[in-house]
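Worksheet: one structure, shown below.
FYI, it's all coordinate maths here, none of it is from the lab. Nothing here was measured: the structure is a model prediction, and the numbers come from that model. As a convention, Cβ positions derive from the backbone with ideal geometry for all residues, glycine included, and neighbour counts pool all protein chains shown.
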Amino acid sequence: MAPKRPVWSGSLTLGLVTVPVRLYSAIEDHTVHFRQFERGTSDRIRYRRVNERTGDEVDFADIVKGYDLGDGDYVLVEQQELDDIAPGRSKSLDVEAFADLADIDPMFFDRTYWLAPANSDYDKPYSLLLAAMAETDKAGVAKFVLRGREYLALVRAGDGVMLLDTLHFAADLRQKDKELPDLPDKAAARGKEFDMAVNLIDAMTEDWRPEDYRDTYTDRVHELIDAKRKGNEITPAAEAAEPTKVVDLFEALQRSVKGSGKRRGQQDSGKRDSAKKDSAEKHTAKKDTAKKDSAEKHTAKKDSGKKDAGPKLADLTKAELDELAKEREIKGRSKMKRAELEQALAAS
């Protein structure tokens, strides 16, 4: 595979220290892109630039930009006029100040790039600055020009390489008090519901592992395309969970904490087994798990004709109800609401 081409090259400047660097995109778009067709045909849909009065197509060279003043009045601006006032191609990334990373609101972050030394001659000063930023947990605030546009940027230490994040300017961020008509009332967050909510957060807290999360919607889109190509059908996704009623808030939180505690215990047990790195113990654990599962399944079969001694359907989450309905092969389960699922499972 050919190496990535830099999107920008110039010099990183901190006071009197200058290091030639190159900027590489660290983000890749995996969105599924579609063409447009007229339904029932194989005819592509094309867009044309037309004069809205005459309907005639207009050549791109004959199009100028217009700024709307309101009431149908416009100021027409030529592209050359915009080019004349735009900042030139910047070759310098000047760090104006350093800031604590913890003080920067994530709302300001836009896009991430890798910032690498231009060649091996500058590895030493580059590595020195990288180590110093990692040690102090600070990031350099800078401005530079990329593709004719000025950017506010943040230079920080990454894993063996500098990262550059383009930032939104303060003027780009909307004000919630102006944009949101229905902000919640500032009620005192105390009492048993608050304590239970804190317990839920604690129970669900775990180490950040980004590799555990996938774009499942894009995966489903690929599955849909592959199924349609083969002439097959795909199962619709389950409906979203219904909102929790205020009167049931404490009960919902309590059940959530209980369920999260079980899952957390299973995860912690798995981590401890992995840390031991003992193949014999892992083998024993797997055998014990298999025996336990077999015993639980056997007990469940024996008790199926008796009163349910396990968790009630009302205690299960919507996802757990969906999974149980799938196991029992209940038809139409994907379109059922919670109450319908409980009724169908009880009948089965």
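Ranked by the mean number of other Cβ atoms within 10 Å per residue, highest first, peptides 218-227, 74-83, 152-161 order as 152-161, 218-227, 74-83. Once you divide the Cα radius of gyration of the stretch 1-128 by 2.2 N^0.38 Å, the number left is 1.66. Cβ-to-Cβ counts within 10 Å put Met107, Met336, Met162 in ascending order as Met107, Met336, Met162, the fewest first.
Taking θ as phi - 60° and the Karplus parameters 6.51, -1.76 and 1.60, the scalar couplings of the stretch 7-24 work out to 8, 6, 9, x, 10, 8, 10, 10, x, 9, 8, 10, 10, x, 9, 10, 10, 10 Hz in sequence order, x denoting glycine and proline. Could you calculate the FRET efficiency of Gln254 with Asp202 from 1/(1 + (r/R0)^6), where r is the beta carbon distance between them and R0 is 22 Å, rounded to 0.05? Once the sixth-power term is evaluated, E becomes 0.95. Simple spin-label estimate for Gln79 and Lys65 gives 1.1 nm between the two label positions (7 Å along the Cα-to-Cβ direction from each Cα). A cut-off of 5 Å between modelled amide H atoms, ignoring neighbours fewer than 5 places along the same chain, links Leu152 with Leu167.
Going highest first, how would you order 124-133, 167-176 by mean Cβ packing within 10 Å?
124-133, 167-176
Residue-wise HN-Hα couplings along the stretch 192-200, as the Karplus relation 6.51 cos²θ - 1.76 cosθ + 1.60 with θ = phi - 60° gives them from phi, are 5, 5, 5, 4, 5, 5, 5, 4, 5 Hz; Gly and Pro carry x. Rg and Dmax, both from the Cα atoms of the stretch 62-191 and both in Å, are 20.9, 67. Residues of the stretch 17-31 falling in the label zone of Arg111, defined by backbone nitrogen less than 14 Å from a point 7 Å along Cα to beta-carbon, are 23-30.
Search the structure for amide H atoms under 5 Å from the amide H of Ser11, placed 1.01 Å from N in the peptide plane, and list their residues when 5 or more places away or on another chain. For Ser11, the qualifying residues are Val21, Ser92, Leu93.
Calculated FRET efficiency, Phe194 and Lys318, Cβ-Cβ r, R0 25 Å, to nearest 0.05?
E(calc), rounded to 0.05, equals 0.50.
The alpha carbon centroids of the stretch 140-177 and the stretch 5-23 are separated by 15 Å. When Arg49, Arg214 are arranged by Cβ crowding within 10 Å, least crowded first, meaning fewest neighbours, the order is Arg214, Arg49.
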